[in-house]
Amino acid sequence: MKPMSRIAAFVSLAVVVIGVVAYLCGLFKPADTPVPNTQPATVWVYEVPHRGGFVAAPWVEGETIYATAVLTRGLRLAGAAYAIDPATGKSRWTFDGDHQMLATASAPVYADGRVYFGEGMHANFVCNLYCLDAATGQKVWTFETSDHVEATPTVADGVVYFGAGNDGVYALDAKTGAKKWQFTAELHVDVSPFVSGGRVYFGSGPSRRYKSFQVVCLNAETGAPVWRVPTDLPAWGGPRVANGRVYVGLGNGRLTEGAKPPEKPAGALLCLSADDGHTLWTVPAADAVFQQPTLDGDRVYFGSRDGNLYAVHADSGAVLYKVPVGGPVISPPAVADGVVYVAAMNGHVRGLAAADGRELWHIDLANKTKTEPLVVAAVRASRGRVYVAAELQTGAGGMATIYCLKP
């Protein structure tokens, strides 16, 4: 071998050796190498000192977390609202209306130093919407309805809008609680209204009295109908409006169980024109979409009881990816800093790369707690922390629990 050939061979061998060593040491990795899957740290755990569960999502506002829970008091279901320190997980105040507050699936909403939420489940009729002082938990006013207020209220431009079952939709003055208008049209409304561009959007589902499935748009000032569109499935998923489009989750069955024969499980994400309600596109799912979709840029994220998280294009409805998450998904996902946070009903909580659905981390609350978790409330993400509200079911009853996780 010529001297130059031997030198070239030596250099080539050295490059190969260095490359192998570098690869083994982790200096260079193929582009498709997955990010190591690690569990997030548990910063704190908040447990309500009574048997019960969280059905509604917490609200994270600055230096306080607000939450509402279903409690078991003897032989009856009751409710309570809480303010929690996000740094420590310690309670700041509790409101239960002197033990008279009913069970609630209505999530608290913060606006202008006040907290608003409803009470009552399907077995309740005379119920209230509450307005509390956010700093102290003292009652400011209540508004009485003749049906349950499972819907989470929406506050916009000094007005509180909320659904109240067979009562339809109310609009109240946020400061005083005085009624501005009420819309009734033989519809059962348990979803949170969405207010945009001077209009109020909501959907309806079945009750014993009313069986009509519709998506409705009202004038926000007067409550007069702008348009009403019938749907093939109950519109239990609260709407989200952006860029002239209305996104609504549809599905049959009940919150925690699928449709029973002869009915077949079915669900979809429906996209309508915000202007006149005509259908733009539909993304079918194998089971119900019982949640308000989450928008981030040109993407819409939603989960289904079919066990998948979907990412679709906001304009066309094209499915970008569908990721199985280990169980039925009732709670809406959260998106922050390029990560989608999603919780399955059975306690599997995942952080996924928003770009492609790749799993970044996973925690199994059932394995962690040795209980049977029930997660139906929306996941919240704020300031690098993730909040998951659940009912941890044991043989002695449920425990209303909020986990604060740091990925």
For Leu352, are the conditions met, namely being farther than 27 Å from Glu63 by Cα and assigned to a strand (DSSP E or B)? no
Lone unmet requirement of (1) farther than 19 Å from Ala381 by Cβ; (2) in the same structural domain as Asp356 (by the TED database); (3) modelled with pLDDT of 95 or more for Val115: (2)
Evaluation of Ala135 against (1) modelled with pLDDT of 95 or more; (2) surrounded by 14 or more Cβ atoms within 10 Å (Cβ to Cβ); (3) among the aliphatic types (A, V, I, L, M) (one fails), failing number: (2)
Report, ordered by the first and then the second residue, all pairs with beta carbons closer than 6 Å, sequence separation of six or more or different chains, a first member in the stretch 273-288 that is under 19 Å from Ile330 (Cα atoms), and a second member that is buried (at least 18 other Cβ atoms within 10 Å of the Cβ) and of a type in the set (Ser, Thr, Tyr). Ala285/Ser304; Asp287/Ser304
Does Gly338 qualify as being surrounded by fewer than 16 Cβ atoms within 10 Å (Cβ to Cβ), of a type outside the set (Val, Ile, Thr), farther than 30 Å from Thr72 by Cα and modelled with pLDDT of 95 or more? yes
Given the criterion over 26 Å from Ser273 (Cα atoms), part of a loop (DSSP other than H, G, I, E, B), free of Cβ contacts under 8 Å to residues at least 60 places away in the same chain and among the hydrophobic types (A, V, I, L, M, F, W, C), identify the matching residue among Val342, Val329, Val376. Val329
So, in the stretch 366-407, of the ones that are surrounded by fewer than 17 Cβ atoms within 10 Å (Cβ to Cβ) and charged (D, E, K, R), which residue ends up farthest from Val335 (Cα to Cα)? Lys370
Of the residues that make up the stretch 93-105, is at least one crowded, with 19+ Cβ neighbours inside 10 Å and touching a Cys at 6+ places or on another chain (Cβ under 7 Å)? yes
Being surrounded by 21 or more Cβ atoms within 10 Å (Cβ to Cβ), under 19 Å from Tyr247 (Cα atoms) and either in contact with a strand residue (DSSP E or B) (Cβ under 7 Å, 6 or more places away or on another chain) or of a type outside the set (A, V, I, L, M, F, W, C) (or both), is that true of even one residue in the stretch 312-326? yes
Give me a count of the residues in the stretch 249-261 that are small (Gly, Ala, Ser) and either assigned to a strand (DSSP E or B) or closer than 15 Å to Ser204 by Cα (or both). 3
One residue is enough: does the stretch 262-282 have a residue meeting the conditions among the hydroxyl-bearing types (Ser, Thr, Tyr) and in a loop (DSSP other than H, G, I, E, B)? no
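The values are calculated or read from the model by the stated rules, or taken from the named source; none is laboratory data. Computed from a prediction, not measured in an experiment: that's the story for all the values here. Counting neighbours? That spans all protein chains shown, and the Cβs are built from the backbone with ideal geometry, glycine included.
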